[in-house]
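Only one structure is covered here, and it is reproduced in the block below.
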Amino acid sequence: MEFKTIFEPFRIKMTEPISVSTREERIAYLKKAHYNTFLLDSDQVMIDFLTDSGTSAMSAQQWGAMIQGDESYAGARSWKRMEKEIMDLTGFEFILPTHQGRAGERILYNVIGGPGKIFISNTHFDTTRANIEYAGATAIDIPVPEAANTCFEYPFKGNMDTEKLKALIETHGASNIGAVILTVTNNSGGGQPVSMANAKEISSICKSTGILFILDSCRVAENAYFIKHREEAFRNFSYREIANEMFRLTDGTVMSAKKDALVNMGGFIALKNEELANKCRDLLIITEGFSTYGGLSGRDMEAIATGLQEVFDPAYLHYRIKSTAYLGEHLNRAGVPVMLPVGGHAVYIDAKLLYPHIPPHEYPGQALVAELYLTGGIRAVEIGSLMFGKYDENNQLIPAPMELVRLAIPRRVYTQSHVEYVIEVFHKIMENRHRTKGLRILKETRFLRHFTAWLEPLEA
């Protein structure tokens, strides 16, 4: 469009009320939640940017399709429709439905992982890493060096460092590597896209060494947008054609359909290899359900099939990427240290730069999460040392490479006025940022501690 105004390519047919709270109320809510926004009730939150997973608003077409859901236990029409859509998109023959992405991760990485196995990624997300490590394997991240500098403009910060990949294969041996996993976009690395050139190089390395190449494709449509607009060779390709090409380079995929399939529940594994698919199917039936529903209702499968078509609509993707960029650009102008360039599904804040007086062991990212909630009722998520930090043999924190806070924007949910409100809240936070204090952990679990940890603010 020739105009600067971001135009949402949809009308609102149904509304859901937002509970507006006072600061005094939010102080009490956050204290009761032990300063962990995961433990807040949804009606205590005004703007929910905790995640873009399962939080999309579905279309009239999706709701209409759900009415046609075939709830047969085996071989339902809805399963056949979903299977056909995934086959057409990915080019893979063997499709296994799951109730969400991490269920697919658990199945696949349990089958191909285990003690002694190494998994290599541009950056493993929290559930991916947890499922790999729970099975006894080791997860290694090798993002490109450009990803470490949040202020540096680079078109494909989500790329994998292929020279490090070659070195790791040489060090560990190809037979000990369970899989190379490419996450598009790179969620833990700031929602940054991955280029097709990078995917092709990884594919070539994996083929020459006989290593399984898996695509984490939950945001493959958003990644396709960036390829089309930043990679000249694909300028004349449709977004779906770009996604087709990226799938073609790999041996399989795990997808949380709760992102780019625009649904509230669902996921799948898709594979080329029949033997591997059969092993995964056995575990699927044991843990999720029969292989033609995998923990999903017919209604869910109808919604997924429709969503996988809608997500590649050019008008939708333009709105999605531009509205996210609008928030990021305005925060950047206000002096907020934003990961640049702005990613597709979220805006990432560099809490280490925002709060240089708060060391990693006092969790600067979680401090910002708390301030966002207290100031404006905004729920976000820390992607830093609370989520990814580990302990050494002396129980001292090994910090995460970056201290980020993610503002993950649900698809088709919030309007421009909501975005403007978020910008206002950040202006207030910037005014008082030097007075913000860190936090300490009171209680935590071994895996995925950020979901349930109890924290408390440090005294001034």
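The values are calculated or read from the model by the stated rules, or taken from the named source; none is laboratory data. Small disclaimer: the values here were computed from a predicted structure and weren't measured. Quick reminder, even Gly has a Cβ in these numbers, built from the backbone with ideal geometry, and neighbours come from all protein chains shown.
For segment 96-106, name all the residues that are over 14 Å from residue 289 (Cα atoms), of a type outside the set (Asp, Glu) and in contact with a strand residue (DSSP E or B) (Cβ under 6 Å, 6 or more places away or on another chain).
101
Can you report the number of residues in segment 120-131 which are in a helix (DSSP H, G or I) and more than 29 Å from residue 297 (Cβ to Cβ)?
Residues of segment 120-131 that are in a helix (DSSP H, G or I), as a first pass: 126-131.
From the residues that got through so far, the ones that are more than 29 Å from residue 297 (Cβ to Cβ) too are 129.
Qualifying residue count, segment 120-131: 1.
In segment 265-306, how many residues are surrounded by fewer than 24 Cβ atoms within 10 Å (Cβ to Cβ), among the β-branched types (Val, Ile, Thr) and under 21 Å from the mean Cα position of the chain (by Cα)?
Summing the residues that are surrounded by fewer than 24 Cβ atoms within 10 Å (Cβ to Cβ), among the β-branched types (Val, Ile, Thr) and under 21 Å from the mean Cα position of the chain (by Cα) in segment 265-306 gives 0.
With the requirement that a residue be of a type in the set (Ser, Thr, Tyr) and over 20 Å from residue 308 (Cβ atoms), what does segment 246-289 give you? It would help to see each step written out before you state the result.
To start, the set of residues in segment 246-289 that are of a type in the set (Ser, Thr, Tyr) comprises 250, 253, 256, 287.
Residue satisfying the conditions is 287 alone.
Out of 54, 69, I need the residue that is at positive phi and modelled with pLDDT of 95 or more. Which one? Quick ask: steps written out before the conclusion?
Details: 69 fails: at positive phi.
Only one candidate passes the filter, namely 54.
For the list (1) within 15 Å of residue 187 (Cα to Cα); (2) without any contact (Cβ under 8 Å) to a residue 12 or more places away in the chain, I need the number of the one condition that residue 171 fails.
Of the numbered conditions (1) within 15 Å of residue 187 (Cα to Cα); (2) without any contact (Cβ under 8 Å) to a residue 12 or more places away in the chain, the odd one out for residue 171 is (1).
Table: residues versus (1) surrounded by fewer than 24 Cβ atoms within 10 Å (Cβ to Cβ); (2) of a type in the set (D, E, K, R); (3) at pLDDT 95 or above.
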position: 189; (1), (2), (3): no, no, no
position: 213; (1), (2), (3): yes, no, yes
position: 216; (1), (2), (3): no, yes, yes
position: 222; (1), (2), (3): no, yes, yes
position: 228; (1), (2), (3): yes, yes, yes
position: 234; (1), (2), (3): yes, no, yes
position: 241; (1), (2), (3): yes, yes, yes
position: 252; (1), (2), (3): no, no, yes
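So that you can scan it fast, the table gives a plain yes or no per residue for (1) of a type in the set (S, T, N, Q); (2) part of a helix (DSSP H, G or I); (3) without any contact (Cβ under 8 Å) to a residue 40 or more places away in the chain:
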position	(1), (2), (3)
280	no, yes, no
286	no, yes, yes
290	no, no, no
305	no, yes, no
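Say whether the condition of being small (Gly, Ala, Ser), closer than 30 Å to residue 455 by Cβ, surrounded by fewer than 19 Cβ atoms within 10 Å (Cβ to Cβ) and under 23 Å from the mean Cα position of the chain (by Cα) is met by at least one residue in segment 40-47. Write out each step before concluding.
Of all residues in segment 40-47, those small (Gly, Ala, Ser) come to 42.
Right, trim to closer than 30 Å to residue 455 by Cβ and you get 42.
Within this subset, residues satisfying the condition of being surrounded by fewer than 19 Cβ atoms within 10 Å (Cβ to Cβ) are 42.
Checking which are under 23 Å from the mean Cα position of the chain (by Cα) leaves us with 42.
Checking segment 40-47: at least one residue is small (Gly, Ala, Ser), closer than 30 Å to residue 455 by Cβ, surrounded by fewer than 19 Cβ atoms within 10 Å (Cβ to Cβ) and under 23 Å from the mean Cα position of the chain (by Cα).
Kindly provide the set of residues from segment 191-211 that are surrounded by fewer than 19 Cβ atoms within 10 Å (Cβ to Cβ) and at positive phi, ordered by number.
210
Just the residues that are in contact with a strand residue (DSSP E or B) (Cβ under 8 Å, 6 or more places away or on another chain) and more than 21 Å from residue 35 (Cα to Cα), please, taken from segment 403-445.
409, 410, 414, 418, 421
I'd like the full set of residues that are aromatic (Phe, Trp, Tyr) and within 19 Å of residue 122 (Cα to Cα), limited to segment 380-425.
Passing the criteria: only 388.
State the number of residues belonging to segment 102-147 that are closer than 21 Å to residue 257 by Cβ, acidic (Asp, Glu) and surrounded by fewer than 21 Cβ atoms within 10 Å (Cβ to Cβ).
1
Return the pairs, sorted by first residue and then second, in which the second residue is of a type in the set (Phe, Trp, Tyr) and in a loop (DSSP other than H, G, I, E, B), the first residue lies in segment 133-158 and is under 18 Å from residue 353 (Cβ atoms), the beta carbons are less than 9 Å apart, and the residues are 6+ apart or on different chains.
Matching pairs, first to second residue: 146/152; 146/154; 146/156; 147/154.
Looking at 264, 278, 332 in this structure, which one is of a type in the set (S, T, N, Q) and in contact with a Gly (Cβ under 6 Å, 6 or more places away or on another chain)?
Working: 278 fails: in contact with a Gly (Cβ under 6 Å, 6 or more places away or on another chain); 332 fails: in contact with a Gly (Cβ under 6 Å, 6 or more places away or on another chain).
One residue alone meets the criteria, 264.
Out of segment 307-342, which residues are under 30 Å from residue 73 (Cβ atoms) and within 18 Å of the chain's Cα centre (by Cα)? Break it down into steps so the answer makes sense when it comes.
First, the residues of segment 307-342 that are under 30 Å from residue 73 (Cβ atoms): 307-311.
Passing the criteria: 307, 308, 311.
Of all residues in segment 70-80, which are over 17 Å from residue 288 (Cβ atoms) and either crowded, with 20+ Cβ neighbours inside 10 Å or free of Cβ contacts under 8 Å to residues at least 40 places away in the same chain (or both)?
Result: 80, single match.
Among the residues in segment 320-337, are any in a loop (DSSP other than H, G, I, E, B), surrounded by 16 or more Cβ atoms within 10 Å (Cβ to Cβ) and either touching a residue at least 12 places away in the same chain (Cβ under 8 Å) or in the same structural domain as residue 221 (by TED's automatic domain parsing) (or both)? Outline the logic, then answer.
Within segment 320-337, the subset in a loop (DSSP other than H, G, I, E, B) is 334-337.
Filter again for surrounded by 16 or more Cβ atoms within 10 Å (Cβ to Cβ), leaving 336-337.
From what's left, either touching a residue at least 12 places away in the same chain (Cβ under 8 Å) or in the same structural domain as residue 221 (by TED's automatic domain parsing) (or both): 336-337.
Within segment 320-337, one or more residues are in a loop (DSSP other than H, G, I, E, B), surrounded by 16 or more Cβ atoms within 10 Å (Cβ to Cβ) and either touching a residue at least 12 places away in the same chain (Cβ under 8 Å) or in the same structural domain as residue 221 (by TED's automatic domain parsing) (or both).
Residues that are among the small types (Gly, Ala, Ser): which helices (runs of 4 or more DSSP H) entirely in segment 1-119 hold 2 or more of them? Spell out the reasoning first.
Details: elements: 23-32, 60-67, 77-90, 101-112.
Output list reads 60-67, 101-112.
Kindly check whether there is at least one residue in segment 14-27 that is touching a Ser or Thr at 6+ places or on another chain (Cβ under 9 Å), surrounded by 11 or more Cβ atoms within 10 Å (Cβ to Cβ) and of a type in the set (A, V, I, L, M, F, W, C).
So far as segment 14-27 goes, no, none of its residues is touching a Ser or Thr at 6+ places or on another chain (Cβ under 9 Å), surrounded by 11 or more Cβ atoms within 10 Å (Cβ to Cβ) and of a type in the set (A, V, I, L, M, F, W, C).
Restricting attention to segment 218-230, which residues are free of Cβ contacts under 8 Å to residues at least 60 places away in the same chain and of a type outside the set (Val, Ile, Thr)? Give the steps one after another, and end with the answer.
As a first pass, look at segment 218-230 and keep what is free of Cβ contacts under 8 Å to residues at least 60 places away in the same chain: 220, 227-229.
Matches in segment 218-230: 228, 229.
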